[in-house]
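Everything below concerns the one structure shown next.
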Amino acid sequence: MTNLSEKPAVPASMELTFEVEQFLYKEARLLDTEEFHIWLGLLTEDIHYWMPYRYQRYRKNHVEPTVNDQSYYNDNMHNLERRVLRNDTGTCWSEDPATRSSHVISNIEVEHTDNPNEYRVYSLTTVNRNMNEDEEHLMVGHRTDILRRVDGQLKLAKRKIILDQNIFMNKSLNVFL
Amino acid sequence: MSNNTDYHQFIDNEEGWVDRRIFWEEEIYEQELKQIFAKSWQFIAHDSMIPNANDFYTTYMGEDGVIGARQKDGSVKVFLNSCPHRGNKFCFADEGNTRSFICNYHGWSFGIDGKLGALANEHVYDEGDIDKEKWSPKQARVDSYKGLIFATFDENAPTLDEWLGDFKWYMDMMFDNDGETEFINGGIKSYVNANWKFGVENFIGDAYHALWNHDSGLKAMNNGEGFGPAVTENSFHASVNGHGWEFGTDGYADVIINGSERWVEYVRDVLKPKIKDKYGELRSNIFGSLASVSLFPNISFLPGIQTFRVWLPRGPKKLELRIFTIVNKNMPEDLKQEVNNGCMMTFNPAGVLEMDDGENWEGNTAVNKGYLTRLEKLHYGCGITREIEHEELPGIIYKGQFNDANQRHFYTRWADLMNADSWDDVPTRYTPRHTKTTK
């Protein structure tokens with residue numbers, strides 16, 4: 001697995017960048033349309049889907065969050081499947097009527113890594129979530145992904161999401177970012 | 001609401017109802033800040049969050065911002081996070097380590113003990129202009145129980161020991177089952193547009209909602225299997241001074257919800273035998289069963305799932321939730337992480353159980369916008385005749401964990417404090433067995 005903190009960075013070709021962009025847009029569409037089982041198929045078996053808590057500390061006291069801290073998500077495939085299972089039970093009352101979400105993916109940068117089959121991808125995810133009568137919630141997250149080419153197809157192997165918010169500004173994080 | 005309002009008018013434990021206006025009215029909320037939050041012992045931090053000298057953590061008591069800070073002698077001080085000069089917060093970080101805090105506005109500095117120290121450009125003051133001892137931020141009374149640091153701004157409040165009373169009998173099986181506890185790094189914060197009491201009362205006694213509302217979350221954590229049928233035998237509500245613990249005695253439901261087989265084995269093979277040795281068979285059966293707990297006024301936790309949280313009021317229609325993961329210090333490090341992951345999978349803003357709770361409480365609150373709606377009462381009559389005497393269990397005990405008893409006693413305590421002009425007016429409504437009380 002490529003270390004996310006490794007330093008750069010041979011930029012990707014236009015062709016590879018285009019392929020990655022299309023992958024991320026497709027993923028965003030699957031999340032918007034709640035096609036979670038197809039979405040799981042875009043992930044590698046060893047996926048690490050991580051959204052740490054963002055500490056608000058003085059600069060002199062800065063610490064980087066670790067996977068051993070509390071995190072919004074710190075999921076392997078088993079845990080992601082659990083979340084999808086919840087939606088499939090038929091008793092997930094808070095998702096019926098369905099949440100409406102739009103994932104806008106931007107600021108995409110693609111870099112080669114030391115592993116010829118893995119690419120480091122930076123992107124910004126801006127998610128508008130609307131639910132019930134009039135509840136709207138905007139979330140903006142900085143993503144650092146590792147995409148891996150498996151049997152010719154791109155798959156998501158690692159994702160770290162850093163949210164702008166300190167206090168999470170809403171009652172639930174019920175959409176993947 | 002005037003000070004002459006009788007707040008017992010908003011609850012009726014004979015008929016079993018609560019008046020919805022206590023979840024909505026600004027005047028009642030203002031009275032809560034004065035009568036509940038300016039008087040009660042409240043949670044500041046766990047010892048493990050501020051282990052070293054000069055460590056600090058910022059939080060709120062009611063809507064009063066405070067700093068909890070570890071002193072060089074190991075004690076903790078808690079003081080208002082507001083500069084006595086023009087009022088600005090003088091600490092804007094959630095936590096950290098510092099020898100002093102300096103207000104951004106004019107550069108007044110405060111020691112880790114909260115005392116006013118040097119002022120920037122101090123020469124603009126003449127001698128005698130300011131008495132720094134007098135113009136230091138207000139200090140709270142601080143005490144702790146088994147690693148939990150509490151504070152109150154009321155000099156006349158009972159001691160923390162009296163405040164907890166016989167509830168310590170229950171707390172020990174969570175906070176002292178195998179040595180010291182610690183919190184995992186974090187403290188995720190979120191807003192819920194709900195009255196703070198809905199969070200507290202859910203954890204204080206609402207096992208009932210779990211069966212229906214959390215069916216999907218439980219199935220997600222338990223390989224597709226939901227809860228069994230509600231068992232009303234050998235399960236209880238226990239209430240002490242407005243604190244409440246609802247629990248079964250079959251041993252494992254809350255441990256299973258955490259989702260880690262290794263944790264289930266550890267509770268079975270390591271913790272339960274120790275609890276049995278230390279506290280007897282009944283408490284070893286209680287720990288890990290389907291259970292939930294709140295400490296009056298705004299602290300909750302789930303033994304077995306290991307979430308610990310505070311519900312900070314943000315007006316009558318909004319709360320700030322802060323969540324922590326509690327583990328035993330001597331657990332293997334990788335097991336701590338497994339328990340933390342399970343706790344996060346279930347009870348954080350993305351948790352498969354917590355996501356359903358916020359929806360309910362926001363709905364409970366928002367409907368009261370309707371004038372006629374908020375004049376309707378809410379039913380709190382489940383199990384109203386099931387009070388029993390139990391030879392082992394202290395507190396006010398009701399049979400059957402599917403019950404509104406702890407909620408009724410929470411709101412009784414709430415009304416007692418809302419009405420009280422002094423602590424002499426606050427009745428002790430249970431018969432202590434293990435604690436000496438002053439009244």
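Please treat every number below as a calculation from the coordinates, not as lab data. The structure presented is a predicted model; accordingly, all values stated were derived computationally and were not measured. With ideal geometry, Cβ positions are generated from the backbone for all residues, glycine too; neighbour counts draw on all protein chains shown.
The relative contact order of chain B, computed from alpha carbon pairs under 8 Å that lie at least 6 residues apart in sequence, is 22 percent. Angle of helix B:196-205 to the longest C-alpha principal axis of chain B, folded into 0 to 90 degrees and rounded to 10: 40°.
So what is Rg over Rh here for chain B, counting just Cα atoms and using Kirkwood for Rh? We get a ratio of 0.97 for chain B.
Taking each of B:LYS34/B:LYS197; B:LYS197/B:LYS317; B:LYS168/B:LYS189; B:LYS72/B:LYS132 in turn, the alpha-carbon distance tops 19 angstrom for B:LYS168/B:LYS189; B:LYS72/B:LYS132. Listed peptides A:153-161, B:351-359 appear in the order B:351-359, A:153-161 once ranked by packing, highest mean of other Cβ atoms within 10 Å at the front. For the stretch B:178-287, the relative contact order works out to 22 percent when only alpha carbon pairs closer than 8 Å and six or more residues apart are counted.
In terms of packing, defined here as the mean over residues of other Cβ atoms within 10 angstrom, the peptides A:137-147, B:372-382, B:319-329 line up highest first as B:319-329, A:137-147, B:372-382.
Summing Cβ point charges (Lys, Arg +1; Asp, Glu -1) relative to the Cα centre of the protein assembly as shown gives a dipole of roughly 960 debye.
Could you pull out the pairs from A:LYS26/B:LYS219; B:LYS138/B:LYS377; B:LYS219/B:LYS377; A:LYS160/B:LYS369 whose alpha carbons sit more than 31 Å apart here? Pairs exceeding 31 Å: B:LYS138/B:LYS377; B:LYS219/B:LYS377; A:LYS160/B:LYS369. Within 10 Å of the Cβ of each residue in B:192-202, the mean number of Cβ atoms contributed by other protein chains is 1. Could you work out how far helix B:405-419 tilts from the main Cα principal axis of chain B, as a 0 to 90 degree angle to the nearest 10? It is inclined by approximately 30 degrees. Per residue of peptide A:78-90, the mean number of Cβ atoms on other chains within 10 Å of the residue Cβ is 5. Straight Cα distances below 14 angstrom link A:LYS60 to the aspartates and glutamates B:ASP55, B:ASP94, B:GLU95, with same-chain residues fewer than 8 positions distant left out. Averaged over residues, the count of other Cβ atoms within 10 Å places the peptides B:182-195, B:241-254, B:218-231 in the sequence B:241-254, B:182-195, B:218-231, highest first. Amide H contacts under 5 Å for A:TYR73: A:MET51, restricted to partners 5 or more places along the chain or on a different chain, H placed in the peptide plane at 1.01 Å from N. For chain A, a crude dipole built from +1 on the beta carbon of Lys and Arg and -1 on the beta carbon of Asp and Glu, taken about the Cα centre, is about 660 debye to the nearest 20. Selection among A:ILE167, A:ILE38, A:ASN132 by position relative to the dipole of the stretch A:32-177 gives A:ILE167 as farthest towards the positive end (Cβ unit charges, Cα centre). Only Lys, Arg, Asp and Glu carry charge here, each on its Cβ (+1 for the first two, -1 for the last two); on that basis the stretch A:86-177 has a dipole of about 360 debye about its Cα centre. Working from Cα pairs under 8 Å separated by at least six residues, relative contact order for chain A is 25 percent. Across peptide B:215-228, the mean count of Cβ atoms from other chains lying within 10 Å of each residue's own Cβ comes to 4. Cysteines in chain B lacking any other cysteine Cβ under 4.7 Å from their own Cβ: B:CYS91, B:CYS343, B:CYS382. Remark: the stretch B:8-16, residue by residue, has Karplus-estimated 3J(HN,Hα) of 5, 5, 8, 9, 9, 8, 7, 8, x Hz, where x stands for each Gly or Pro and the curve is 6.51 cos²θ - 1.76 cosθ + 1.60 at θ = phi - 60°. If you average the C-alpha positions of the stretch B:1-67 and of the stretch A:115-177 separately, how far apart do those two centres end up, in angstrom? Cα centres, the stretch B:1-67 to the stretch A:115-177: 37 Å. Within the listed set B:THR59, B:THR98, B:THR307, the Gaussian network model of chain B (springs between alpha-carbon atoms below 10 Å) gives the highest mean-square fluctuation for B:THR98.
What is the protein assembly as shown by shape, rounded, prolate or oblate, if you read a ≥ b ≥ c off the alpha carbon gyration tensor as root eigenvalues and call it rounded for a/c under 1.5, prolate for a/b larger than b/c, and oblate otherwise? Cα axes put the protein assembly as shown in the oblate bin.
So what's the angle, to the nearest 10 degrees on a 0 to 90 scale, between helix B:354-366 and the longest Cα principal axis of chain B? Relative to chain B, helix B:354-366 is tipped by roughly 70 degrees.
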